[in-house]
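To start, the structure itself, in structure tokens.
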Amino acid sequence: EAPGTEQELTDGFHLVIDALKLNGITTIYNVPGIPITDLGRMAQAEGIRMISFRHEQNAGYAAGIAGYLTKKPGICLTVSAPGFLNGLTALAHATTNCYPMILISGSSEREIVDLQQGDYEEMDQLAIAKPLCKTAYRVLHAQDIGIGLARAIRAAVSGRPGGVYLDLPAKLFGQVMNADAGQKSLVKVIDAAPAQIPSPASIKRALDVLKGAKRPLIILGKGAAYAQADEEIKTFVEKSGIPFLPMSMAKGLLSDTHPQCAGAARSTVLKESDVVLLIGARLNWLLSHGKGKNWGEAPKKFIQVDIEPREMDSNVEIVAPVVGDIGSVVSAFNQAMASGWTAPPAEWTKAISSKREENVAKMAPKLMNNKSPMDYHGALGVLKNVIKEHPEAILVNEGANTLDLARGVIDMYRPRKRLDVGTWGVMGIGMGQAIAAALETGHPVLAVEGDSAFGFSGMEVETICRYNLPICVVIFNNDGIYRGTDVNGANADPATTVFVKGARYDKMMEAFGGVGVNATSPDELKRAVNEAMKSGKPTLINAVIDPAAGSESGRIGNLNPQSVLQKK
Ligand code: OXT
Ligand code: ADP
Ligand code: MG
């Protein structure tokens with residue numbers, strides 16, 4: 001039978017859009033071009049918000065963090081080969097960080113790619129994506145678009161969240177089919193991330209170990225923040241009376257000013273604790289793999305709550321693994337503890353409080369200095385107060401010194417308000433994450449950026465201006481990576497870590513109609529940031545930092561390989 005009249009037909013373009021909409025996906029982060037330009041236009045016409053970036057990596061970082069903030073897969077859409085590869089870094093990053101994301105890339109003709117006959121932007125994208133994400137799918141027929149997208153959504157958000165690649169060859173978009181059959185082929189994903197209920201035995205085992213502790217510690221990771229079980233977690237922590245240490249992006253899940261917060265006594269609690277309960281945090285490099293000198297001499301027992309069973313025993317023995325989703329696990333803890341719980345020995349909690357007070361007191365005077373050019377603490381003292389006055393604002397943070405010092409200085413008060421470099425310590429997440437944070441939450445964003453870090457995504461200030469987003473970027477400009485004072489003794493080239501001295505990044509923002517400010521003292525910085533928070537206008541503040549103020553690699557200089565020869 002011949003296809004009916006035009007009104008009864010649909011095509012690949014529309015089926016992709018309809019499938020996304022059916023599944024509640026309202027925003028796409030993209031860079032247009034062959035073969036997805038029209039897809040973007042049509043999606044926009046159909047009410048999807050298309051956010052166009054200047055580089056796919058930034059669109060990808062936006063999609064990844066959108067997934068983290070919303071528990072729905074963030075969508076990044078790119079062209080073939082080079083656009084795909086640009087987006088792939090962000091997909092791998094999302095997978096590493098357990099953020100749900102789908103990278104959708106247009107691709108070239110299979111027949112030509114597979115025979116390597118040199119198609120436009122030829123590349124076997126599916127094969128390349130596979131090892132770098134949770135899973136990868138390709139759709140060849142219009143009638144499979146619904147199933148393809150459903151599988152991608154489910155794979156991204158269920159179990160341990162992560163990145164999924166969806167390959168859509170150019171030919172697919174133009175394929176036509178009966179409109180009714182097309183609608184019927186779409187799939188609305190039911191219960192995409194089902195609760196994973198922990199076994200009662202694992203809950204009992206964990207609480208028994210915790211009860212026996214003299215110096216217990218809870219470590220909250222970004223998995224706990226992702227879970228959006230904020231009230232249950234707060235209830236559990238408070239009921240238990242156990243000190244908690246937030247990993248970087250879990251800061252604010254409970255306020256950093258909470259009396260049980262041990263963030264300012266980190267070394268002490270890692271060393272001295274006897275039982276450690278990990279909730280949504282891996283024992284990776286950020287926790288020194290659970291062993292070595294940071295963890296002290298005394299024997300230690302680990303309890304771990306994670307949705308991924310294979311995470312258990314990854315680095316050290318886990319005496320009480322609890323596999324399940326954090327919401328369900330913590331609720332089960334709370335229920336089991338309802339009949340009574342004894343707080344940990346006061347000796348332990350007091351020791352932590354006094355260490356914490358000591359560290360806070362040590363830092364306080366450094367934050368009050370009004371030096372010009374600024375040092376990190378002088379500038380961060382100002383930004384600490386900005387977040388205190390605007391706890392709803394989202395803090396995006398990258399750099400080395402700029403990252404490590406901001407993490408310690410700036411207290412967070414609410415969940416999922418601190419977005420940073422994550423598990424890989426990657427530079428370049430800044431503007432993409434800032435843009436998605438503003439769009440997905442409607443809250444103002446303060447992006448605190450090293451001058452090097454900013455450079456990786458700096459062109460997106462145009463995107464910020466184009467969408468008129470309430471983002472204030474503060475660049476800690478110390479003329480380079482770690483420091484701006486290195487000298488190359490070999491020839492006239494600048495040292496490898498040094499940039500143009502006295503650069504004026506604020507002019508970049510002015511070029512696109514935003515507000516640019518050059519701030520040389522904490523007072524000037526304070527005035528400029530307050531104005532930006534009040535106006536909501538795209539703002540970039542070039543904060544002039546003493547080029548000698550930073551240290552090599554911030555707080556992780558110990559990870560730089562050393563050669564005995566070099567030391568001679
Ligand atoms: O308990 P103790 O006494 O130990 O004290 C601790 C806390 O208790 C205390 N503390 C407090 N005291 C008082 N008050 C408060 N409120 C408080 N809170 C805490 O402070 C200390 C320290 O606490 P912290 O920070 O919690 O603990 P610590 O020991 O640092 O924790 C360890 C870690 C490992 C968990 C932590 O350090 C961490 O999370 N680190 C992450 C580090 C990271 O990811 N860094 C980024 C990568 S560095 C490098 O790779 C860079 N590159 C290379 C590159 C990258 N990354 N990516 C790509 C795509 N290409 C290249 C580059 C290019 S950085 C970089 C650019 C750098 O230049 P910039 O210009 O951007 O930046 P600047 O350096 O500013 O110039
Ligand atoms: P951090 O860097 O903050 O220490 P990680 O990224 O290392 O955090 O760890 C996050 C962990 O949280 C991952 O092991 C992931 O499997 C887990 N996770 C993510 N979401 C959930 C959830 N809803 N329930 C249980 N575990 C989760
Ligand atoms: Mg710098």
Ranked output for segments 227-234, 557-564, 308-315 by mean other Cβ atoms within 10 Å, highest leading, reads 227-234, 308-315, 557-564
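Rg to Rh ratio, region 48-165, alpha-carbon atoms and Kirkwood radius?
Rg/Rh: 0.97.
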May I have the extent of the alpha carbons of region 206-328 along their three principal axes, as whole Å values ordered from largest to smallest?
-> 34, 31, 28
Burial-style ranking of 9-16, 185-192, 95-102, 330-337, average other-beta-carbon count within 10 Å with highest first, yields 95-102, 9-16, 330-337, 185-192
Take the Cα coordinates of the chain, assign each an equal point scatterer, and use the Debye formula without solvent to give log10 I(q)/I(0) at q = 0.05, 0.09 Å⁻¹.
-> -0.23, -0.73
R0 = 51 Å: FRET efficiency of GLU8 with ALA195, Cβ-based, nearest 0.05?
-> 0.80
How would you rank 106-114, 197-205, 49-57, highest first, on the average number of other Cβ atoms within 10 Å across their residues?
-> 49-57, 106-114, 197-205
Please report SER457, SER248 as a ranked list, fewest other C-beta atoms within 10 angstrom at the top and most at the bottom.
-> SER248, SER457
Mind scanning LYS234/LYS534; LYS222/LYS355; LYS234/LYS366; LYS300/LYS384; LYS214/LYS355; LYS239/LYS293 and naming the pairs with a C-alpha gap bigger than 28 Å?
-> LYS234/LYS534; LYS234/LYS366; LYS300/LYS384; LYS239/LYS293
Kindly provide the helix-only [θ] at 222 nm of the chain, computed as the sum of -39,500 (n - 2.57) over DSSP H runs of four or more divided by all residues, to the nearest 500 deg cm²/dmol?
-> -11500 deg cm²/dmol
Percent relative contact order for region 214-356, counting Cα pairs under 8 Å at least six residues apart, stands at 31 percent
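Net charge around TYR61, counting only other residues with Cβ within less than 11 Å of its Cβ (Lys, Arg = +1; Asp, Glu = -1)?
Here the count lands on -3.
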Considering only the chain, what is the antiparallel percent among its DSSP beta bridges, to the nearest 5?
-> 5 percent
For the pair SER354 and LYS234, the simple spin-label estimate (label points 7 Å beyond Cα toward Cβ) gives in nm 3.1 nm
Of VAL305, GLN228, THR268, whose Cα points farthest to the positive end of the dipole of region 186-331 (charges on the beta-carbon: +1 Lys, Arg; -1 Asp, Glu; origin at the Cα centre)?
-> THR268
Toward the positive end of the charge dipole of region 1-101, about the Cα centre and with charges on Cβ (Lys, Arg +1; Asp, Glu -1), which of GLY33, ALA19, TYR61 goes farthest?
-> TYR61
Taking other Cβ within 10 Å of each residue's Cβ, how do TYR467, TYR137, TYR68 sort, fewest first?
-> TYR467, TYR137, TYR68
Which value, in debye to the nearest 20, describes the size of the charge dipole of region 521-568 about its Cα centre when Lys and Arg Cβ atoms bear +1, Asp and Glu Cβ atoms bear -1, and nothing else is charged?
-> 180 debye
Calc'd 3J(HN,Hα), region 201-217, phi into Karplus 6.51 cos²θ - 1.76 cosθ + 1.60 (θ = phi - 60°), Hz, glycine/Pro = x, comes to 5, 5, 5, 5, 4, 5, 5, 4, 5, 5, 4, x, 7, 9, 9, x, 9
Taking region 397-506, the whole-percent share of alpha-carbon pairs separated by over 19 angstrom is 47 percent
Electrostatic dipole magnitude of the chain [Cβ: Lys, Arg +1; Asp, Glu -1; Cα centre; debye, to 20] = 2260 debye
Region 445-568 - convex hull of the alpha-carbon atoms, volume per residue in Å³ = 121 Å³
Using 1/(1 + (r/R0)^6) with R0 = 35 angstrom and r between the beta carbons of SER52 and LYS214, what's the FRET efficiency to the nearest 0.05?
-> 0.05
In nm, spacing of pseudo-spin labels at ILE112 and ALA45 (7 Å Cα→C-beta vector) = 2.6 nm
Per the 1/(1 + (r/R0)^6) rule, R0 = 22 Å and r from the Cβ atoms of ARG266 and LEU559, FRET efficiency to 0.05 is 0.80
Rounded to the nearest 20 debye, dipole of region 159-277 from Cβ charges on Lys, Arg, Asp, Glu = 300 debye
Starting from the Cα-Cα distance between ALA346 and GLN183, subtract it from 0.36 nm times their residue separation and give me the gain in nm to one decimal.
-> 52.4 nm
Could you list which residues have their amide H under 5 Å from that of LEU277, counting only those 5 or more apart in sequence or on another chain, with H placed in the peptide plane?
-> LEU217, ILE218, ILE219, ILE303
Among PRO344, HIS443, THR497 the positive-end extreme of the charge dipole of the chain (Cβ point charges) | PRO344
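Taken together, the values in this text are just the output of simple stated rules run on the coordinates, not laboratory data. For clarity, every value in this text was computed on a predicted model and none was experimentally measured. All Cβ positions, glycine included, derive from the backbone under ideal geometry; neighbour counts span all protein chains shown.
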